[in-house]
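As structure tokens, the structure follows; a few thoughts come after it.
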Amino acid sequence: MTLQPPRQTLADGLEISRVLTGLWQVADIEKDGAQLDPEKGADHLEAYLKAGFSTFDMADHYGSAEIISGRLLARHEGHDRPQIFTKWCPEPGPMTADVVRAGVQERLDRLGTDCIDLLQFHWWSFEHPAWLDALHEMTKLKDEGLIKALGVTNFDAAHLRLALSDGIPLVSNQVSFSMIDRRALGPLSDLCAQRDVRLLGYGTLCGGFLSDRWLGKPEPVDITDWSKMKYKRFIDAAGGWDGFQAILEAANSIAQKHSVSLANVASRWVLEQPAIAGVIVGARLGESEHMADNAKLFSFALDEEDTAQLDAAFSQTTQVPGDCGDEYRRPPFLTASGDLSHHLSGMPRAHDAGPAPHRPDATHVLTGSDWEEIAGYCRAHRIGNRILVSGTTAVAGASRAVAPDDAAAQTTFILDKILAALSALGATANDVVRTRIFITDEKDVFDISRAHGRVFSDIKPANTLVVVAGLIGDHKVEIETEALVKDSAQEPE
């Protein structure tokens, strides 16, 4: 096998290294205010490029990583040009054409280029439906030539499916994927196989924890760098230090068998998963660079005995809770700080509740829909501890049906809208006691039910599902909801 990183076609005209160099730790190096020298940083990237590691991954909040990569781009044209992937992670809010263009233009300016190879989009809360508006605007900018390919990051299977079914031309989804965090092996990988989307795996080495250095070592107490702070939380969520050590022991045995490093085994296991286009291995520029060791990743392959040994070790751990990306959207927040304070000052609600003018004991939620004024209704109404949510469809703007050919995707969008209304009135999915579902095609019942179960499988409200003669336009499903808030809960201010 070659020791040069093999190439992978990710999209038309976009061929990448299967080991991508991740630049998240630029933010950690610069967290005390001292910025890396851009030209010296580019020198470090140049060494990776010469060794065949030609693809670099970063984001708008990775310190000066985009600026450093821009200096590298300025040195190269033609066939030896590196591939630069970045992310746009805006705060939740309206995603108008001007807002999206400004966010993309800032990436272009910092990179000093007129086209971004892969722009990946992250959204903090799917209860804010503007994420789909943003992706449609980004698609227009792709058509203009400002973006070569579009991807997302930290999307679960349901919302990746929703975006694809609504016509967004996504080629990739970047998610946490490691021998500790194996969530992406489930529905997300199945969807990728069905829709020809590839995964880019980050956290492959769990911030360096999946390496020889930690084999047989006691559990650390004081951790100072952001990367290890984050991935220690993943280890804890997967069952703790003993299970983690069992995985290290199995990986170390396999590493010795193949004369490679434990880190190679960890990366190789992710790389061999069918949905994976590439793994992202982080670099601390000027401090910790492992190009020679990373190249050994392609000197071996895992055999059946290796896989069985790892599976036995995995059985001593527990699954990281939730779905891919949940670590940024709901507790427990598996981030460096254990919350979103490094990313957002706060999570704004999608809607605000207001007083119902005809009854002083009631509040309601208006979403700004034209139909609320035309027909004279609200999205949700709270009287005391009871909340009634109107029949809700997957409509965007005045009348466009979202994902018109995919009932499951419509259900996902609808439930996000319902959860947003409940949140504005001081409730959550746990407070829902009844759902009523109206569908137009009996063949969709299992897809719709599974999408409903994704939210309510542990809650199990009373439910009614009926097939009706039809709904307006391209809507395949409509859902209404009732919730009872616990007596201790307070009305939203």
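The values are calculated or read from the model by the stated rules, or taken from the named source; none is laboratory data. All figures in this text were calculated on a predicted structure; none of them were measured in a lab. For neighbour counting, all protein chains shown are included, and Cβ atoms are generated from backbone atoms with ideal geometry for every residue, glycine included. For the accessible areas, the whole protein counts, side chains as well, though only heavy atoms, and no ligand, DNA or RNA atoms are used. Shrake-Rupley method; radii C 1.70, N 1.55, O 1.52, S 1.80 Å.
Here are the numbers for this structure:
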| item | result |
| --- | --- |
| Per-region count, segment 101-117, residues assigned to a helix (DSSP H, G or I) and closer than 11 Å to Glu66 by Cβ | 6 |
| Segment 251-274 - residue that is open to solvent by 10 Å² or more (accessible area, probe 1.4 Å) and among the aliphatic types (A, V, I, L, M) and, of those, farthest from Glu305 (Cα to Cα) | Ala263 |
| Identity of the residue in segment 197-234, basic (Lys, Arg) and over 29 Å from Asp156 (Cα atoms), that ends up least open to solvent (accessible area, probe 1.4 Å) | Lys217 |
| Criterion: over 30 Å from Ala193 (Cα atoms), more than 20 Å from the chain's Cα centre (by Cα), of a type outside the set (Ser, Thr, Tyr) and at pLDDT 95 or above - qualifying residue of Ala51, Ala102, Ala34, Ala47 | Ala102 |
| Looking only at segment 38-85, and only at residues there that are among the polar types (S, T, N, Q) and over 20 Å from Ala27 (Cβ atoms), the one that is surrounded by the most Cβ atoms within 10 Å (Cβ to Cβ) | Ser54 |
| Arg161 touching a helix residue (DSSP H, G or I) at 6+ places or on another chain (Cβ under 9 Å), surrounded by fewer than 23 Cβ atoms within 10 Å (Cβ to Cβ) and touching a residue at least 40 places away in the same chain (Cβ under 8 Å) | no |
| Enumeration of residues in segment 165-196 that are part of a loop (DSSP other than H, G, I, E, B), in contact (Cβ under 8 Å) with a residue 60 or more places away in the chain and open to solvent by less than 10 Å² (accessible area, probe 1.4 Å) | Phe177, Ser178, Met179, Ile180, Asp181 |
| Near pairs, Cβ below 6 angstrom, 6+ apart or cross-chain, from segment 423-435 (under 18 Å from Ser449 (Cα atoms) and of a type outside the set (Ser, Thr, Tyr)) to any residue that is open to solvent by 60 Å² or more (accessible area, probe 1.4 Å) and in a strand (DSSP E or B) | Val433/Leu484 |
| Thr464 exposed (fewer than 14 other Cβ atoms within 10 Å of the Cβ), without any contact (Cβ under 8 Å) to a residue 40 or more places away in the chain and polar (S, T, N, Q) | yes |
| Residue check for Val477: touching a residue at least 60 places away in the same chain (Cβ under 8 Å) and in contact with an Asp or Glu (Cβ under 6 Å, 6 or more places away or on another chain) | no |
| Qualifying residue in segment 320-340 (condition: without any contact (Cβ under 8 Å) to a residue 60 or more places away in the chain, charged (D, E, K, R) and crowded, with 17+ Cβ neighbours inside 10 Å) | no |
